[in-house]
Amino acid sequence: MTAVVLKSVVRRYRDAVAVESLDLEIRDKEFVVLLGPSGCGKTTTLNMIAGMDSPSSGQIYFDDRPVENVPPEKRNVAMVFQSIALYPHKTVYENIAFPLRMARVPSVELDRRVRSAAGLMRIDEFLNRKPNELSGGQRQRVALGRAAVRNPVAFLFDEPLSALDAKLRTEMRVEIKKLHERLQSTFIYVTHDQVEALTMADRIAVMDSGRLMQYAPPDEIYRRPANVTVARFVGSPAMNLIAGRISDEAGALRFSGAGITLTLPGALAAAARNARQADVTFGVRPEALSAEPGGVAIEGAGKVYAIEPLGSDQFVDVSFTAGDAPQLIKMRTRPNVRFRVGEQVTLFAVPEETYLFAADGRRIYPEGVA
Amino acid sequence: MKTRTLAQADASFAIRIILAVILFNAIIIALPLFYAAWISVHDRDVILRTEEFIGAEHYRRLLTNPEAINAMIASLKFTLVAVVGSLIVGLGMALVLNEDFPGRSFLRAAILIPWAVSEVVTATAWIFMLNPTFGALTGVLHPLGLASENQVWINETTALYWVAAAYVWHVAPLGAFFFLAALQTIPDGLYQAARLDQANVFKRFLHVTLPQIRSTVMVVLVVVTVEAFRSFDLLFAMTRGGPGTASQIFPMLIFRYTFEFSRYGLAAAASFILVGVGVIVTTLYFVILMRRRRTVRIDAPAAAKLADGGAAA
């Protein structure tokens with residue numbers, strides 16, 4: 001139950017920088033997800049918070065207490081690992097009890113707390129078993145129970161669900177979210193899975209190449225990505241991003257690139273004028289596209305390339321010829337709209353849900369600070 | 001003709017190649033073994049070339065003979081010191097070599113040298129080291145005032161322990177080698193988890209390292225015990241059982257019965273007693289160490305129901 005603050009934290013290895021001047025403030029009781037591709041520095045950051053790694057420079061505070069030089073066993077954080085890391089020779093009961101035994105909790109209270117944590121994670125019937133007699137999901141519950149049995153200043157999660165199958169992952173996501181609600185503690189969660197980030201976080205810190213790209217609530221990350229990297233990473237399927245140029249044709253701003261041409265609608269055009277950028281990236285999410293006329297017409301020789309029915313909806317890949325490599329644009333439609341592969345199709349975008357990014361990646365439209 | 005299934009063909013091939021090995025073993029192990037057993041129950045005079053069946057008389061004599069009993073006690077003492085010493089030194093070496101530091105790979109190879117040299121060489125090196133006048137031990141400890149100028153290191157009371165020390169020096173690297181292999185299979189995550197669970201170095205060793213290398217400890221324990229219990233070369237080269245009979249362990253006694261007194265029957269019987277005690281000791285290890293420690297006392301899942309909603313306080 002503590003705020004965690006990182007100030008200008010740098011982690012340099014012999015020939016590489018893992019984390020580059022990171023400032024991050026995690027509020028008390030907040031659920032923050034560190035999201036990014038592998039090698040972006042998110043796990044290094046988590047390890048520095050846990051004390052398993054030390055910053056090359058910068059400070060880490062738990063509330064007002066600087067902790068950079070405090071060893072992990074003195075930081076009182078609980079962690080759930082990707083490898084689950086249960087003690088294989090100990091029973092479930094002893095695994096959960098271990099942190100309490102280390103803290104010399106009296107046996108009556110220890111027993112009460114172990115059973116309470118086991119009840120919370122619904123693993124009471126397995127208390128006598130060894131970890132290798134449990135399924136993957138049950139093991140992960142035990143690991144959560146071992147973390148929850150203590151009274152840590154913060155809970156750290158290092159990709160805890162990546163070893164589980166898809167169905168279990170979905171269940172455990174809810175489970176962890178519920179755990180946060182109940183424990184009312186600070187949760188810091190590392191993942192490369194943007195679905196986990198969007199579904200669980202109060203705020204998401206998107207990282208890339210050791211830098212913080214954007215730190216905002218999920219909705220804002222999704223609706224107003226700070227730059228093209230965030231836009232590309234968050235959302236599944238990902239946002240369609242088309243690199244091209246803007247030209248002024250008789251007062252109307254036209255965007256063209258990768259075999260696609262379109263007239264920028266009013267607000268986009270104004271933003272583009274303000275930004276004075278010719279080389280830009282145009283973005284539109286699959287769900288903002290449709291084959292029914294209305295909105296911004298995406299002109300070009302679009303042909304249906306592939307159809308992926310999902311039951312609840314379907315994805316349609318439309319290819320545009322652009323030199324050697326075709327540009328694919330993904331559209332999400334209702335499942336009952338019929339397409340044929342090879343069919344000519346014109347796409348229309350909802351103007352309010354289009355994006356424009358500058359050559360350096362930063363967002364031009366929608367305007368305003370993230 | 002019925003065609004044989006693949007499994008049957010595999011089985012018959014397996015039986016054939018195993019039979020060959022069994023036959024080979026029978027010739028080189030079983031035959032001498034039975035012959036020795038036969039000798040042990042006969043009294044043979046090598047000069048008169050007579051032979052007489054005497055039953056368990058050799059065994060009875062050995063079990064009541066103070067010389068044999070003392071040799072057995074010396075053997076057990078030697079083995080105890082050798083086993084405990086090699087376990088502690090070997091595990092210590094392995095723990096150091098498991099850490100990350102410059103020159104680690106070189107050191108990992110280098111520590112095997114004491115084990116690779118023969119026991120006779122080991123003995124010679126230690127004899128030099130323990131030489132009262134020009135030995136290294138006197139050379140180091142005399143200037144510090146911890147030993148006299150011509151300190152006699154190997155005497156009646158210490159001989160057995162010096163040989164045991166040399167044996168530990170020789171065999172500990174083998175233990176370290178096994179331990180190191182076991183240590184490397186322990187996932188880092190367990191140590192990290194234990195650190196975050198607020199376990200200090202000692203607790204981490206106790207709760208993570210030891211349980212994870214338990215079966216390796218068992219293997220090293222058995223190997224070193226058996227090796228030490230039947231060890232002969234080092235002792236023969238270092239003290240020949242002396243001074244007097246101070247370091248006369250049981251295999252040394254068997255050697256003397258055979259080659260000094262030509263009492264083949266007695267020596268054969270003594271060999272069987274040695275094997276018997278060895279088997280008993282090894283079995284005891286298995287019984288004591290491999291017994292599954294049950295942690296039963298958690299029986300009431302119903303009792304845990306009291307806890308819903310009440311998160312870990």
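The values are calculated or read from the model by the stated rules, or taken from the named source; none is laboratory data. None of the values given here were measured: they were computed from a predicted structure. Glycine gets a Cβ as well: all are built from the backbone with ideal geometry, and neighbour counts include every protein chain shown. All accessible areas refer to the heavy atoms of the entire protein, side chains included, with ligands and DNA or RNA removed. Shrake-Rupley method; radii C 1.70, N 1.55, O 1.52, S 1.80 Å.
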Next item on the list: From (1) without any contact (Cβ under 8 Å) to a residue 24 or more places away in the chain; (2) more than 14 Å from every other protein chain (Cβ to nearest Cβ), pick out the condition that doesn't hold for B:PHE229.
Entry: (1)
Margin query: With the requirement that a residue be more than 17 Å from A:SER256 (Cβ to Cβ) and among the small types (Gly, Ala, Ser), what does region A:320-347 give you?
Written below: A:GLY342
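If you check A:LEU46, A:LEU100, which single one turns out to be modelled with pLDDT of 90 or more and either out of contact with any helix residue (DSSP H, G or I) (no Cβ under 9 Å at 6 or more places or on another chain) or open to solvent by 30 Å² or more (accessible area, probe 1.4 Å) (or both)? Explain how you work it out, then say what you get.
Numbers: A:LEU100 fails: either out of contact with any helix residue (DSSP H, G or I) (no Cβ under 9 Å at 6 or more places or on another chain) or open to solvent by 30 Å² or more (accessible area, probe 1.4 Å) (or both).
Exactly one of A:LEU46, A:LEU100 is modelled with pLDDT of 90 or more and either out of contact with any helix residue (DSSP H, G or I) (no Cβ under 9 Å at 6 or more places or on another chain) or open to solvent by 30 Å² or more (accessible area, probe 1.4 Å) (or both), namely A:LEU46.
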Note to self: I need the full set of residues from region A:157-175 which are under 22 Å from A:GLY51 (Cβ atoms) and either of a type in the set (D, E, K, R) or at pLDDT below 90 (or both), in order please.
What the structure shows: A:ASP158, A:GLU159, A:PRO160
Item checked: Unmet criterion (only one of (1) surrounded by fewer than 23 Cβ atoms within 10 Å (Cβ to Cβ); (2) away from chain B (no Cβ under 13 Å)) for A:CYS40 -> (1)
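Under the condition of being among the hydrophobic types (A, V, I, L, M, F, W, C) and either within 30 Å of B:ALA125 (Cα to Cα) or within 7 Å of chain A (Cβ to nearest Cβ) (or both), which residue from region B:186-207 is nearest to the chain's Cα centre (by Cα)? Write out each step before concluding.
Initial filter on region B:186-207 (among the hydrophobic types (A, V, I, L, M, F, W, C)): B:186, B:190, B:193-194, B:196, B:199, B:201-202, B:205-206.
Imposing the further condition that a residue be either within 30 Å of B:ALA125 (Cα to Cα) or within 7 Å of chain A (Cβ to nearest Cβ) (or both) reduces the set to B:190, B:193, B:196, B:199.
Details: B:LEU190: 30, B:ALA193: 34, B:LEU196: 37, B:ALA199: 32 Å.
Among those that are among the hydrophobic types (A, V, I, L, M, F, W, C) and either within 30 Å of B:ALA125 (Cα to Cα) or within 7 Å of chain A (Cβ to nearest Cβ) (or both), it is B:LEU190.
For A:SER57, indicate whether it is more than 14 Å from chain B (Cβ to nearest Cβ) and open to solvent by 30 Å² or more (accessible area, probe 1.4 Å). Quick ask: steps written out before the conclusion?
Details: more than 14 Å from chain B (Cβ to nearest Cβ): yes; open to solvent by 30 Å² or more (accessible area, probe 1.4 Å): yes.
So A:SER57 fits the description; yes.
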Margin query: Please list, ordered by residue number, the strands (runs of 3 or more DSSP E) wholly in region A:232-304 having 1 or more residues that are of a type outside the set (A, V, I, L, M, F, W, C), over 25 Å from A:LEU35 (Cα atoms) and not assigned by TED's automatic domain parsing to the domain that holds A:PRO218.
Written below: A:240-249, A:252-257, A:260-263, A:279-284
Check: Within region B:46-60, which residues are exposed (fewer than 15 other Cβ atoms within 10 Å of the Cβ) and part of a helix (DSSP H, G or I)?
Finding: B:ARG60
Check: Filter region B:155-186 for residues that are touching a residue at least 40 places away in the same chain (Cβ under 8 Å) and assigned to a loop (DSSP other than H, G, I, E, B); which is least open to solvent (accessible area, probe 1.4 Å)?
Finding: B:ASN155
Notebook entry, point to check: When you go through (1) part of a loop (DSSP other than H, G, I, E, B); (2) acidic (Asp, Glu); (3) surrounded by 12 or more Cβ atoms within 10 Å (Cβ to Cβ) one by one for B:ASP43, which number turns out not to apply?
Noted result: (1)
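Looking at region A:37-71, which of its residues are in a helix (DSSP H, G or I) and of a type outside the set (Val, Ile, Thr)? Steps first, answer last, please.
Keep residues of region A:37-71 that are in a helix (DSSP H, G or I), which gives A:42-50.
A:LYS42, A:LEU46, A:ASN47, A:MET48, A:ALA50 - these are the residues of region A:37-71 that are in a helix (DSSP H, G or I) and of a type outside the set (Val, Ile, Thr).
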Margin query: What's the number of the only condition in (1) of a type in the set (Val, Ile, Thr); (2) over 26 Å from the mean Cα position of the chain (by Cα); (3) more than 8 Å from chain B (Cβ to nearest Cβ) that A:VAL149 fails to meet?
Written below: (3)
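Is it fair to say A:ALA154 is within 9 Å of chain B (Cβ to nearest Cβ), modelled with pLDDT of 90 or more and in contact with a strand residue (DSSP E or B) (Cβ under 7 Å, 6 or more places away or on another chain)? Steps first, please.
Working: within 9 Å of chain B (Cβ to nearest Cβ): no; modelled with pLDDT of 90 or more: yes; in contact with a strand residue (DSSP E or B) (Cβ under 7 Å, 6 or more places away or on another chain): yes.
In short, no.
Collect the residues in region A:7-36 that are open to solvent by 60 Å² or more (accessible area, probe 1.4 Å) and not in a loop (DSSP other than H, G, I, E, B), keeping them in residue-number order. Working first, answer last.
Step one: of region A:7-36, the residues open to solvent by 60 Å² or more (accessible area, probe 1.4 Å) are A:7, A:12-15, A:17, A:20-21, A:23, A:25, A:27-29.
A:LYS7, A:ARG12, A:VAL17, A:GLU20, A:SER21, A:ASP23, A:GLU25, listed by residue number.
Return the residues of region A:123-138 that are open to solvent by 30 Å² or more (accessible area, probe 1.4 Å) and either closer than 17 Å to A:ALA163 by Cβ or at the interface with chain B (Cβ under 9 Å from one of its Cβ atoms) (or both); say none if nothing qualifies.
Result: A:GLU125, A:ASN128, A:ASN132, A:SER135, A:GLY136, A:GLN138.
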Margin query: Tell me whether region A:248-267 contains one or more residues that are at negative phi, without any contact (Cβ under 8 Å) to a residue 12 or more places away in the chain and open to solvent by less than 50 Å² (accessible area, probe 1.4 Å).
Written below: yes
Check: Would it be correct to say that B:LEU210 is surrounded by fewer than 20 Cβ atoms within 10 Å (Cβ to Cβ) and under 30 Å from A:ILE84 (Cα atoms)?
Finding: yes
Next item on the list: Please go through region A:60-83 and pick out each residue that is under 20 Å from A:GLU25 (Cβ atoms) and either within 24 Å of the chain's Cα centre (by Cα) or surrounded by fewer than 17 Cβ atoms within 10 Å (Cβ to Cβ) (or both).
Entry: A:ILE60, A:TYR61, A:PHE62, A:ASP63, A:ASP64, A:ARG65, A:PRO66, A:GLU68, A:VAL70, A:VAL77
Next item on the list: Could you list all residues from region A:235-288 that are in contact with a Leu (Cβ under 7 Å, 6 or more places away or on another chain) and hydrophobic (A, V, I, L, M, F, W, C)?
Entry: A:ILE246, A:LEU253, A:PHE255, A:LEU264, A:LEU268, A:ALA269, A:ALA271, A:ALA272, A:VAL280, A:PHE282
